[in-house]
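The values are calculated or read from the model by the stated rules, or taken from the named source; none is laboratory data. Please read these numbers as outputs of a predicted model, since none were measured by experiment. Cβ placement follows ideal geometry from the backbone for every residue including glycine, while neighbour counts extend to all protein chains displayed.
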Amino acid sequence: MESHFDSHVEQHNEDEFQKSFKEMISTLPKGNSWGLPDHLYQYQDFWFTSPFLQGVLLAQQQFEAQPTDIILSSAPRTGTAWLKSLTFATITRTSYDDSTTPLLFRMPHDVVPFMELDHAHFSANRHLGIPLLATHAPYSFLPTSIIDSGCKIIYICRDPKDTFVSMYHICTRYAKSQNTQPIELDEAFELFCEGVSWYGPYWDHVLGYWKASLEHPDKFMFLKYEEMNEDTVLYLKKLAEFMGCPFSTEEQQKGVPEKIIKMCSFENLSNLEVNKSGIHREGQGNLEIQNKIYFRKGKVGDWKNYLTPKMATQLDQITQQKLSSSGLSLN
Ligand code: PAP
C-alpha cells in the first residue's frame, strides 16, 4: 500500500509548510557557516543548515515508517557512506555481486537515500525490497512513526577528534571548490567544541542514540567506526544478522563477507570513476558537491596529523565530561 509519505504532498500543503518554515527559521539563533554558503541555525538544541532542518521537519510530518524499514543513523563524517555501502551490498547480495552492484557506478549516498532530502528515491528502493534509509537527524528529531513502528535502527559514531578533522576537511574542500573563503582550523575547532557544527553538538547526537539503544537493545545496533575498522568481518556478520539476512555457512565458506568488505573498502570505492569524477545532487544549488570530496583518507587516528596535543586533550576532556556516567567511551 502506498504510504502518505510516498505519495506527493499536495502543492498547497507544501507551499504552506515552506511559508511557515521560512518565518520560523528567521527567528532562530544563527551560527557560523564554517565557510559554506549556508548558515547554521539552532533548533531545539541542535544546529542545522536550512535545507536539512526543513527536510527533518517535513519528514516528521510526513514519513510513515514500516516495521521492516532499516534506518541508518549517524552524525556527519562518522562513517555513513561506509555503513551505507556495507549494508546495501549485504542486503542485495543475491541480486548483485561485486561486478554488477550499483555501488560500482553510483556513490553510496546515491544508493541509500537520506530521509531529509530523498523521499521519492526511498519509496522506489522500498518497493525493490531495499528497506535502507539514512538520516543524520538526532534521535529526538526522528519522526514518531520510526519509533512507533519498531523498525530497526543502526547508528554509527566515531572518535570526536577524527570526526572533527573530517568535518573540517570537507568544509574546506567544499569552500575551495566554490571559490569561497575556507574556515581556519582553529576557528572550526572552537565551534566544534562549542557544539556549533552540522547536527551538533556532536556528543549530544551520540548520547541520544546511545541512551535509546540501551532502552531498546533489540531494535538498535550501535557501532563505532574504529571497531568496524579493527574487525570488519565480525561487524559485517553482526550487521547481516541484525538486518535479518545472516550469511549462511556456505556463503561464509565462499568468502562472501570478505568480498563485500573488499568491494566497500575505502581503497576500492574511492578509486571508482564515479567517486573520482561524479557529482552528487547535481543541479541542486548549494547541495551540489563533487563525489571525491566525500572520500578523504578513511583512516583511524588521522587527527594526530592536524590537532596539537593541547587541542586533542581539550576534545578528550569534553568527551569525558559529556559521556561521564553514560557507560560509553569514544576514544
Ligand atoms: P558524510 O557525513 O559526509 O556522509 P561520512 O560518510 O559519515 O560522511 O564520513 C566520512 C568519513 O568516512 C571520511 O573520513 P575521513 O575524512 O577521515 O577520511 C571518509 O573518508 C570516510 N569513508 C568514506 N568511505 C569509506 C569507506 N568505504 N571505508 C572507510 N571510511 C570511509
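Against the conditions (1) more than 14 Å from the ligand (Cβ to nearest atom); (2) outside any helix (DSSP H, G or I); (3) touching a residue at least 60 places away in the same chain (Cβ under 8 Å), where does Val300 fall short? Just the number, please.
Unmet condition: (1).
When you go through (1) more than 15 Å from the ligand (Cβ to nearest atom); (2) over 12 Å from Ala134 (Cα atoms) one by one for Asp38, which number turns out not to apply?
(1)
Thr27 fails exactly one of the following numbered conditions: (1) β-branched (Val, Ile, Thr); (2) at pLDDT 95 or above; (3) under 25 Å from Ser145 (Cβ atoms). What is the number of that condition?
(3) is the only condition that Thr27 fails.
Restricting region 98-128 to residues that are of a type in the set (A, V, I, L, M) and outside any helix (DSSP H, G or I), which is surrounded by the fewest Cβ atoms within 10 Å (Cβ to Cβ)?
Here the residue is Leu128.
In region 257-268, how many are touching a Leu at 6+ places or on another chain (Cβ under 7 Å) and near the ligand (Cβ under 9 Å from one of its atoms)?
So the count comes out to 1.
Are there any pairs with C-beta distances below 8 angstrom linking a residue in region 157-168 that is over 14 Å from Ala81 (Cα atoms) and in contact (Cβ under 8 Å) with a residue 24 or more places away in the chain to a residue that is of a type in the set (Asp, Glu) and more than 9 Å from the ligand (Cβ to nearest atom), with the two at least 6 apart or on different chains, and if so which?
Note: pairs meeting the criteria are Asp159/Glu226; Lys161/Asp316.
Of the conditions (1) within 13 Å of the ligand (Cβ to nearest atom); (2) without any contact (Cβ under 8 Å) to a residue 40 or more places away in the chain; (3) polar (S, T, N, Q), Thr100 satisfies every one except a single condition; which number is it?
(1)
Going residue by residue through region 320-327, is there one that turns out to be part of a loop (DSSP other than H, G, I, E, B), more than 14 Å from the ligand (Cβ to nearest atom) and touching a residue at least 60 places away in the same chain (Cβ under 8 Å)?
Yes, that holds for at least one residue.
Matching residues to (1) of a type outside the set (A, V, I, L, M, F, W, C); (2) assigned to a loop (DSSP other than H, G, I, E, B); (3) on the phi > 0 side of the Ramachandran plot; (4) surrounded by fewer than 18 Cβ atoms within 10 Å (Cβ to Cβ):
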position	(1), (2), (3), (4)
Pro67	yes, yes, no, yes
Ile71	no, no, no, no
Arg77	yes, yes, yes, no
Lys84	yes, no, no, no
Thr87	yes, no, no, no
Thr94	yes, yes, no, yes
Ile130	no, yes, no, no
Ser140	yes, no, no, yes
Ile153	no, no, no, no
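Name every residue in region 214-249 that is in contact with a Lys or Arg (Cβ under 8 Å, 6 or more places away or on another chain) and either among the β-branched types (Val, Ile, Thr) or assigned to a helix (DSSP H, G or I) (or both), in order of residue number.
Tyr225, Glu226, Phe242
Here's a check for you: in region 157-176, which residue that is out of contact with any strand residue (DSSP E or B) (no Cβ under 7 Å at 6 or more places or on another chain) and hydroxyl-bearing (Ser, Thr, Tyr) is farthest from the ligand (Cβ to nearest atom)?
Thr172
Could you pull out the residue among Val274, Val206, Val233 that is touching a Cys at 6+ places or on another chain (Cβ under 6 Å), within 16 Å of the ligand (Cβ to nearest atom) and either over 19 Å from Pro113 (Cα atoms) or modelled with pLDDT under 95 (or both)?
Checking each option against the conditions leaves just Val206.
If you check Thr90, Thr78, Thr49, which single one turns out to be more than 13 Å from the ligand (Cβ to nearest atom) and either over 17 Å from Leu132 (Cβ atoms) or of a type in the set (Ser, Thr, Tyr) (or both)?
The match here is Thr90.
On the given criteria, is Ala137 within 16 Å of the ligand (Cβ to nearest atom) and either within 21 Å of Asn286 (Cβ to Cβ) or touching a residue at least 40 places away in the same chain (Cβ under 8 Å) (or both)?
Here the answer is yes, as Ala137 does meet what is asked.
Residues in region 40-67 that are under 21 Å from Ser197 (Cβ atoms), polar (S, T, N, Q) and over 18 Å from the mean Cα position of the chain (by Cα): how many?
The qualifying residues number 2.
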